[in-house]
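This report refers to the structure that appears directly beneath it.
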Amino acid sequence: MINMRRSLGATYGFVERNWNLTRRYLGWEVVWLVYNVVTTLTMGLIGVDSQGIVGRDRVLYLLIGALLWTYLSVLFQIMGETVAWERWEGTIEYTFMAPVNRITYLTGQGLFGVTYSLVRTAIILGITVLWFKLDMSQANLLGGFVVLAVASLSFLGLGLLAAVLPLMSPERGPQATHIIQGLLLLCSSVYYPVTVLPGWMQPIAALNPATYTLDAVRAAWINGVPLADVWPLVVKLLFTGVVLVPIGLVVFQIGERYALRTGKLKRNG
Amino acid sequence: MTIALEVIGAYKTFSEEDDQNRRPWWRVWQRKPRRQIVAVDRVSFAVRQGEIYGILGPNGSGKSTLIRLISTLLIPDGGKVTIFGRDVQIHVQAVRGLINRVSVDAAFFKKLSAMENLNYAARLYSLDVREARRRAGIIMERMGLESKKWNSPLENLSRGQQQKVAIARALMTEPRLILLDEPTTGLDPKSKRDVQDFILEVRENRDTTVILTSHDMDESERLCNRLAFIVDGKFVAEGTPAQLRAQHGGVSLEDVFFAVTGKSVESEAVAE
């Protein structure tokens, strides 16, 4: 019980720390938000035809792709760059020698990541709906957000797997996480259906949780499909998350031991 | 007398790219040649509870590696480290709850204020945040850090002021063993004096054991009960300052260091 209370306190500590950092880097937050809004609007404008008529479904298809990619990539980055970011701040050794187990640390990071990404996505969604004057009265908004929440688990797991790379290679690891992020974007239906991908890439897209997330959210937000009808996709996402998170944790701990053995926790170790 | 820290035959090597023996650029399939560097070479020593034990040596002599081995931030290739009888490789979390460390580069979120960094530390160490802040406040005031600085981003504070916050952050968790890794390097004379005075106060008033690394001989003589010289990862002499002077001759510890190693610690520090 005491251990549970301590873990909760430390988890809150990571969330509070990240919130304080977000406030202190407010200027950058505004920059990134504006950038995300602009790219999302740009993608949406591709769906407007030459007469200026907004094709609701086409615009929404692209907007949802851009929005969800923003959500999933921010979450993936928060997890995947956890180590690289603490190393850059110079706090990695302080954090890693505290009497807090890694699951607590990563839970705190993940909790903040999900909340932060959801808030950003909601802001961008609001702005784009107003910009395109989209009729969302038939959309199952809540259902879409439930899918997002479930999908977060899978992306937390993928983020954990990527987070190990900067632990193992301080120089090349952060770059490798960007390559993984790029491949997740390519092999999914963010901006196009997976059927347009070359045949050999389609099985990879079928393993990508982003594909199911996009299919389920598009069904809920474009067609107003109730959650019960996209339940098979939600179950797939849940299953992927339940498998990926423990694998991510184990791999992270193996990576940490490697870093402690080779002195790679700190660049000049 | 309780043994706070026992290091038995600690050994640590690192592998690094061999600049002398480069791989031809076209042989991309071959692994780049590497060589092993012995950073800590079978070091053994024990420190009693309440002691200040100094580890002196030039830059690159293995001081910080040894501190990282003790503080669970590195896994040794050989040997054993115990803190209050607990093996640092087996009882990792328990050991982490007993120790704290101040490194030469104050490890902070520089955009956050001292108080925000202290809040974070308090939550990591399961402390009551108010009580932890109160304790840290007393220590910072004692070291002459004005309270108006406590809520400024740390990037706006001088190195000396940041180091005072780092010491307050470490001591507010009431560690039984504190590792001070060159805590006064690069500080102005006033800050250096403030930090040194506070370390002496810790020795007088608390039951905290201190491991201090330094290449400042005067500082080590002033603060340490016992000390060891480390060169190329090996302990080459150990004892109280008076014992070392008696055994090796010389007026100052610098003379002793030169007599033992044939080198000057300051010139090595500058050279590196």
Note to self, the protein assembly as shown gives a 222 nm [θ] from helices alone (DSSP H runs n ≥ 4, -39500 (n - 2.57) apiece, / all residues, nearest 500) of -18500 deg cm²/dmol
Any idea how far apart residue B:93 and residue B:29 come out in nm if each label point goes 7 Å out from Cα toward Cβ?
4.8
Rounded to the nearest Å, what's the spacing between the alpha carbon centres of segment A:167-217 and segment B:114-163? Just the number, please.
44
Quick check: the angle from helix A:141-168's long axis to the longest principal axis of chain A, C-alpha only, nearest 10 degrees?
40
Given B:12/B:234; B:111/B:148; A:266/B:111; B:12/B:80; A:264/B:164, the pairs whose alpha carbons are separated by over 18 Å
A:266/B:111; A:264/B:164
Could you state the angle between the C-alpha long axis of helix A:173-186 and the longest principal axis of the C-alpha atoms of chain A, as a value from 0 to 90 degrees rounded to the nearest 10?
20
Write down the percent of antiparallel bridges among all DSSP beta bridges whose residues are both part of segment B:139-272, to the nearest 5.
50
Debye-sum result for chain A in log10 I(q)/I(0), which assumes one identical scatterer on each alpha carbon, at q = 0.07, 0.11, 0.12, 0.13 Å⁻¹:
-0.27, -0.65, -0.77, -0.89
Cα centroid separation - segment A:32-93 against segment B:81-104, whole Å:
43
Hey, got the average number of other protein chain Cβ atoms within 10 angstrom for residues in A:250-262?
2
Quote the FRET efficiency, to the nearest 0.05, computed for residue A:175 versus residue A:206 with a Förster distance R0 of 25 Å and r equal to the Cβ-Cβ distance.
0.40
Exposure-ranked with fewest Cβ neighbours within 10 Å first, A:61, A:94 stand as A:61, A:94
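What is the mean projected area of the alpha carbon convex hull for segment A:110-269, to one decimal in square nanometres? Walk me through the numbers on the way to the answer.
Numbers: hull surface 44.5 nm².
If you wrap the Cα atoms of segment A:110-269 in a convex hull and average its projections, you get 11.1 nm².
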Other residues with Cβ under 10 Å from the Cβ of residue B:35 give, with Lys and Arg +1 and Asp and Glu -1, a net charge of -3
Across peptide A:97-104, what mean number of C-beta atoms from other chains lies inside 10 Å of a residue's C-beta?
6
In the calculated pair distance distribution of segment A:7-74, what percentage of Cα-Cα distances lie above 13 Å?
72
Exposure proxy ranking, count of Cβ atoms within 10 Å, fewest first, for B:191, B:214, A:7:
A:7, B:191, B:214
Based on DSSP loop calls and a cut-off of at most 16 other Cβ atoms within 10 Å, the longest stretch of chain A free of exposed trypsin sites (Lys or Arg not before Pro) is what?
A:1-132
Dividing the alpha-carbon Rg of segment A:174-237 by 2.2 N^0.38 Å yields what?
1.21
The distance between the Cα centres of segment A:245-266 and segment B:20-45, in whole Å, is 22
Charge context of residue B:256, other residues only, Cβ under 11 angstrom, K/R +1, D/E -1
-2
Which three lengths, in whole Å and largest first, does segment B:171-261 cover when its Cα atoms are put on their principal axes?
40, 28, 25
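One-quarter of the Cα convex hull surface for segment B:34-105, in nm²? Mind showing how you got there, number by number?
On the way: hull surface 24.0 nm².
Mean projected area of the Cα convex hull: 6.0 nm².
Taking 20 °C and 1.002 mPa s as the conditions, I'd like the Stokes-Einstein D for chain B in µm²/s, using the Kirkwood hydrodynamic radius from alpha carbon pairs. Could the numbers behind the result be given before it?
Working: Rh = 19.8 Å.
In µm²/s, the coefficient is 108.
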Can you divide the C-alpha Rg of segment B:134-186 by 2.2 N^0.38 Å and report the result to two decimal places?
1.11
Which of B:142, B:68 comes first, and how do the rest follow, when ranked by fewest Cβ neighbours within 10 Å?
B:142, B:68
Kirkwood-based Rg/Rh on the Cα set of segment B:92-224 evaluates to 0.93
Would you kindly calculate the mean projected area, averaged across all directions, of the convex hull enclosing the Cα atoms of segment A:82-156, in square nanometres?
6.6
How far is it, in nm, from the label point at residue B:155 to the one at residue B:15 when both lie 7 Å from their Cα along the line to the Cβ?
3.8
Quick one: Karplus J couplings for segment B:75-80, per residue in order, coefficients 6.51, -1.76, 1.60, θ = phi - 60°, nearest Hz, x for Gly and Pro?
9, x, 7, x, x, 8
By how many degrees, 0 to 90 and rounded to 10, does the Cα axis of helix A:26-45 deviate from the longest principal axis of chain A?
30
FRET efficiency (residue A:119, residue A:223; Cβ distance; R0 41 Å; to 0.05) is 0.95
At q = 0.11, 0.19 Å⁻¹, work out log10 I(q)/I(0) for segment B:14-169 with the Debye formula, treating every Cα as an identical point scatterer and leaving solvent out; two decimals please.
-0.64, -1.20
With the Cα gyration tensor of segment B:79-170 in hand, convert its eigenvalues to equivalent ellipsoid semi-axes via √(5λ) and list them largest first in whole Å.
27, 14, 12
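Report the gain in length on full extension from residue A:48 to residue A:31: 0.36 nm times residue separation, minus Cα-Cα distance, nm rounded to one decimal.
Values: separation 17, 0.36 × 17 = 6.12 nm, distance 2.61 nm.
Length gained, residue A:48 through residue A:31: 3.5 nm.
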So what does log10 I(q)/I(0) come out to for the protein assembly as shown at q = 0.09, 0.12 Å⁻¹, using the Debye formula with one equal point on every Cα and no solvent?
-0.76, -1.13
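Read-outs: derived from the displayed coordinates by stated rules, not from any lab. In this text the structure is predicted, and so the values were computed from the model without any measurement. Using ideal geometry, Cβ is built from the backbone for each residue, glycine included, and neighbour counts are taken over all protein chains shown.
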